[in-house]
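Here the structure is laid out as structure tokens; the discussion comes afterwards.
What follows is calculated from the coordinates using simple rules that are stated; it is not laboratory data. Quick caveat: nothing in here was measured; it's all calculated off a predicted structure. Cβ: placed from backbone, ideal geometry, glycine included. Neighbour counts: every protein chain shown.
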Amino acid sequence: MLRYFYCNKVGFICLFFFVYAVSSAQVVDSVAYNQLLELEVVSSAKPSSASSSSPLQVMDDDDFLRIGALSLSDAVKRMTGVDVRDYGGVGGLKSVSVRGLGAKHTAVSYDGIVLSDAQSGQVDIGRLSLGNVGMLSLSMGGEDDIFKSATEHASASLLSLHALRPSKTHFYVSVRAGSFGYVDATLHHDRCFKKSWSASLHGNYMRSDGMYPFILVNGENETLEKRRDSDIQSFNVEGNLFGRIAGGDLNVKISMYDSERGLPGAVNLYNKENRERLWDNNLYAQACYDVPLNRFFHLKARLKYDYNYSKYREVNKNYFSGKQTDTNEKNECYASLGVKYEPLSGLSFALTSDVAYSTLYNNFEGGKNPRRISSISVFAAKYSVIRFTVTAMLLGTYMADEVKVGVTPEPYKRLSPSLALMYQPIASFPLRLRVSYKDTYRVPTFADLYYLRLGNVGLKPEKASQFNFGFIWNESFGRVVKYASVVVDGYYNKVKDKIVALPTMYVWRMMNFGEAEIAGVDANVQAELAMSRKVSLLLDAGYSYQYAVDVTDPSAKNYRHQIPYTPRNSGKFTLSVLNPYVNVSYIFTAVGERYMLPQNTTRNRIDGYLEHSLSMNRDFDFQACSLRLQGELLNIGNRQYEIIRYYPMPRFSWRLSARLNF
Amino acid sequence: MKWFFKKVFLLTAIVCLAACDNGGDDLLSPTDEYIAQPRYLVAHNGKVYVTFYDGNVARIDTATLEIEAVARVGRNPEQLAVYNGSLYVANSGGMDYSTSLGYDKTVSVVDVETFTEVKKIDVVCNPAVVVASENGVYVASYGNYYDIPSTLQFINADGDVSVVEKCCNMTEVCYNSGVLYGFFSQYDENWNATITYMSYNPVTGAVETPWIKEQELPSPYKVSSAGNYVCVTSSDYVNDGDVYFYDTDGVLVKKFATGLNPVKAVAVQNVSQNGKDVFYVLNSGDWKSNNSSLTMYDFANGTVKQNYFELQNGRCLGNTANDIVVYGSKMYIAVSGESTIEVTTLDAKSIKQIEHVVRVWK
């Protein structure tokens, strides 16, 4: 099978040098061009969370630096209404569940195209480094930008990332070190060409031993252990090209990711041995073209090809050959075309259609090797004036699978509506009220349907309905309070036909089983205070209440028990002091108790925890270059806690980085 | 200056790219030690025999509590029983279901005296349950969960196999006072289960369907023989389970709640205050959730105590306790996920933890 990755490192070295050589060949007068570029470069507007008709949280690269967020999971953990399911360590899986719906209802997109995994349906956000990300936004249950791709509109929540756009030609080299053998090296090159064309190349290598100490509790005994088989090594290269053709914006991206990691597994009380490893290779290329056709019409086209190869291996004498090797190879081709029509100021209509073709090949005997054609289209209408916005969307999904062996399910077809309103009742008072409703549909993944023995072709899609209402207040007072906002949202989500893995006698089987109800409140307060001309204080506090219960069967033992891994109460708090000496941020997280299984018994209970961290940074400017020093002290309280039962989190750890820009 | 930085940049690029490959060497070489997983136990003549999932049977001396000898059998052995001077071990082959090798379909016959495998008998694929009777050995194969259903077979003293005609489909079975009690779970293509409770008397040939006199349990998990009772455990695999004790006529004697995934009940006779029986129910919990436990039921005063092993010892059983036997003055618990065999008194107080059974790969 297509496995050119192991030769591909050479290919990438060549590509890197080629690009560098080509760009170096353009000898330009850098001063003159930088001046021109400052006028010409159009950066994408940062969406305003203060006027969004559905809950929206935005972070940019200044925020990532301030709070010391290195990977996507670090940043997402600071957001309100989000549970990050972290399996521990740098290489551990991290998936994001928004408002109790689960990781498969959250889509992650990068520059307008969703990162998909047709096989597992969830994205490991621990892998996505923020090194090249300029902006991150999380929208829950609705999206005011009606011109996003249809696949981005199809999920209950969307985590949208946007790459940093070069503003001037420069390089940087960054080196990081941290606890447990963590080393990270990044090389980055931005280059600006003439006439609004620019390119960036970002290369990153990361490794970690992952052998962190943890405390294991067994009845009355507590022992100090070391996490084994938790190492990781990864390599990532991303190239972006930005430009203007025929009055439209073009962005082309190529990305390669290669990693190898040990899977430590859940901790046993006595037997600590586990020999599982996972190799992942991912290569994708995407292009996005956005062009206004005339005064009324706007066109957006997207294209992507994605290749993914993963290998899992367990070494165990229980297998006849002494090991079990599972390999999966996924291919996906994606295309999207959208048209926006704005007949009047404030009124716009958009029609976007996405088509994707995905295939999965795995090495199981009798494996089904499915192929899927999916088409998602969305028709959206939006009317927006100063104090009122209404957005309505109708999303249609069509998916058809084909398998090499066995029964094929019927094609999936569904129409999902959504509606959102935002209203500012008093013109002079900056308080906005919002109401939204969204219906989504989560089609079973390849693993749900076709995994050997576990898969079930009779599965129906999982349906989720989300209803949100809330208010936003934001203001600035005089010279001191540059910005203050209070956002409170109450929500009700209902999930039906949940796709869960249930053991049936001796075999696990995917089934549609269950209904869950989630009612909650997300509250967030933010403020930016200018203490003096050079010192400012930033505050961000959030609290979530989630009543997330199973309502499948009134006679079941877990009826109306809190669903697994969803805390009822959780809170976050960040306080940053920005000043010319050293920027310091204090980061605090408090999470209440959770349960590892559906039944809320004492045995299944996982204690709540508090975590305190500190992040610092300082820039030094010299004539030829500038230096940035950044450091984080994580879990200063040295508290032993776990998010997933028996996957202990590291206690105290530190990270230090130095970045040289020139 | 800029020239210098550019060179550093390129050099770092080369170093990073070159450093990235790693073979991931945790493959076992022939001289490596590894930890084996105990599955099921049977006691006979001062010894306790235990199957290990890597394809071996070990013999533990009940006086020294040490593993004395190891015999090689088929792939992924499950239950075992003693009949006529031999051990009959079911080789399921379950770990290789996704490869071209597939399930195993043999029963190994191991001579107790020499403790070596004498022969392999062909049965229906994926044999797991082995029960000894006065005339031979009954083996229930689980089949392939697809087109081969669970099948009950009989191996006589000569080693001939035959499907039990009157009662050919049984998934779980136990033997009490000359009668086989069990149930058959059958799944249709929508994974709806039909449960049939059957008992079979090999001497008279009588089959009773159902043998339970009251309302049948919708979600039975395992069946075991404990003292004078037939115990059926019930589980929905997600929530804590229940235990039902029936007498040999199928009349419900006692029902109580227990831990997660109860696998077996054993009777410790005449030990409680009034000289009556104490029963233990072993709950295996979920794989890798360290929630296996022991539930104690005192027949005399009707008390049920959950997490009894933890209560008595201040520590937990751990990851997936698979089997329990009572022999002489001790109780033996095979904790599969922890590679330990807990040896306790009849009151569940730990005597020894036979731990980390280390084998060398040959």
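Sparsely packed loop sites in the stretch B:181-221 (the chymotrypsin sites (Phe, Trp or Tyr not before Pro) outside DSSP H, G, I, E and B with at most 16 other Cβ atoms within 10 Å) comprise B:TRP191. Going by a ≥ b ≥ c, the root eigenvalues of the Cα gyration tensor, does the stretch A:513-623 fall in the rounded group (a/c under 1.5), the prolate group (a/b larger than b/c) or the oblate group? Prolate shape, in that a/c is at least 1.5 and a/b is the bigger ratio. Taking GluC sites (Glu not before Pro) as exposed when their DSSP state is a loop state and no more than 12 other Cβ atoms lie within 10 Å, the longest site-free interval of chain B runs over B:215-362. Taking one quarter of the surface of the convex hull spanned by the alpha-carbon atoms of the stretch A:269-391 gives a direction-averaged projected area of 13.5 nm².
The Cα atoms of the stretch A:423-531 define a convex hull whose projected area, averaged across directions, is 10.4 nm². Report, to one decimal in Å, the Kirkwood hydrodynamic radius for the stretch B:64-212 based on all distinct Cα pairs. Evaluated on the stretch B:64-212, it is 16.0 Å.
Partner shielding of A:639-648 amounts to 1, given as the average count of beta-carbon atoms from other chains within 10 Å of each residue beta-carbon. Please give the net charge around A:ASN218, taking every other residue with its beta carbon less than 12 angstrom from that of A:ASN218, where Lys and Arg add +1 and Asp and Glu add -1. Neighbourhood net charge equals -4. Using C-alpha pairs below 8 Å separated by at least 6 residues, the relative contact order for chain A is 11 percent.
Taking a ≥ b ≥ c as the square roots of the eigenvalues of the Cα gyration tensor of chain A, is the shape rounded (a/c under 1.5), prolate (a/b larger than b/c) or oblate? In terms of gyration-tensor shape, rounded. Gain on full extension, evaluated as 0.36 nm per residue between A:PHE467 and A:LEU303 minus their Cα-Cα distance, stands at 55.8 nm. Structural descriptor for the stretch B:189-292: relative contact order 18 percent, calculated from alpha carbon pairs under 8 angstrom and at least 6 residues apart.
Label positions at A:VAL584 and B:SER329, each projected 7 Å from the Cα along the C-beta direction, are separated by 6.6 nm.
Below 8 Å, C-alpha to C-alpha, sequence gap of six or more: please give me the relative contact order for the stretch A:389-455 in percent. Value for the stretch A:389-455: 27 percent. In the protein assembly as shown, helical runs assigned H by DSSP with n ≥ 4 each contribute -39500 (n - 2.57); averaged across all residues and rounded to the nearest 500, the mean residue ellipticity at 222 nm is -2000 deg cm²/dmol. Using only the Cα atoms of the stretch A:394-487, build the gyration tensor, take square roots of its eigenvalues as a ≥ b ≥ c, and label the shape rounded, prolate or oblate: rounded if a/c is under 1.5, else prolate if a/b is larger than b/c, else oblate. Note, shape of the stretch A:394-487 comes out prolate.
Candidate cross-link partners of A:LYS317 among the aspartates and glutamates, defined by an alpha-carbon separation under 12 Å and a same-chain spacing of 8 or more, comprise B:ASP32, B:GLU33, B:ASP54, B:ASP96. Peptide A:216-222 has a mean shielding of 4, counted as Cβ atoms of other protein chains within 10 Å of each residue's Cβ. Each distinct pair of alpha carbons in the stretch A:178-323 adds a 1/r term; the inverse of their mean, the Kirkwood radius, is 19.4 Å. Between A:ASN638 and B:TYR146, the simple spin-label model (points 7 angstrom out along Cα→Cβ) gives 5.5 nm. Near B:ASP122: Cβ cut-off under 13 Å, other residues only, Lys/Arg at +1 and Asp/Glu at -1. The net charge is +1.
Dimensions of the stretch A:247-339 from C-alpha coordinates, computed as largest minus smallest value along each principal axis and given longest first, are 70, 27, 18 Å. For the pair B:LYS213 and B:LEU346, the difference between a 0.36 nm per residue extended length and the Cα-Cα distance amounts to 44.7 nm.
Shielding value for A:262-272 is 6, the average number of Cβ atoms from other chains within 10 Å of each residue's Cβ. Taking only the C-alpha atoms of chain B, the Rg (one decimal) and the largest Cα-Cα distance, Dmax (whole number), read 23.7, 99 Å. Projected over all directions and averaged, the alpha-carbon convex hull of the stretch A:42-169 occupies 8.4 nm². All Cα-Cα distances of the stretch A:93-236, cut into 5 Å bins from zero to the largest, leave 2, 8, 13, 14, 14, 14, 15, 10, 5, 3, 1, 1, 0, 0, 0 percent in each bin in turn.
Summing +1 for each Lys or Arg and -1 for each Asp or Glu among the other residues whose beta-carbon sits under 15 angstrom from that of A:LYS438 gives +2. For the peptides A:393-402, A:578-587, the ranking by mean Cβ contacts within 10 Å, running from highest to lowest, is A:393-402, A:578-587. The trypsin sites (Lys or Arg not before Pro) found in the stretch A:532-626 that occupy coil by DSSP, while having at most 15 further C-beta atoms within 10 Å, are A:ARG533, A:LYS534, A:ARG560. Using the Karplus relation 6.51 cos²θ - 1.76 cosθ + 1.60 with θ = phi - 60°, the per-residue 3J(HN,Hα) values for the stretch A:274-281 come to 8, 10, 10, 9, 9, 10, 9, 10 Hz, with x marking Gly and Pro. In a DSSP loop and with at most 16 other Cβ atoms within 10 Å, the GluC sites (Glu not before Pro) in the stretch A:166-233 are A:GLU220. Amide hydrogen proximity for A:TRP654: with H placed 1.01 Å from N in the peptide plane, the residues at 5 or more positions away or on another chain lying under 5 Å are A:SER179, A:LEU634. The residues B:LEU282, A:LEU70, when put in order of fewest to most other Cβ atoms within 10 Å, stand as A:LEU70, B:LEU282.
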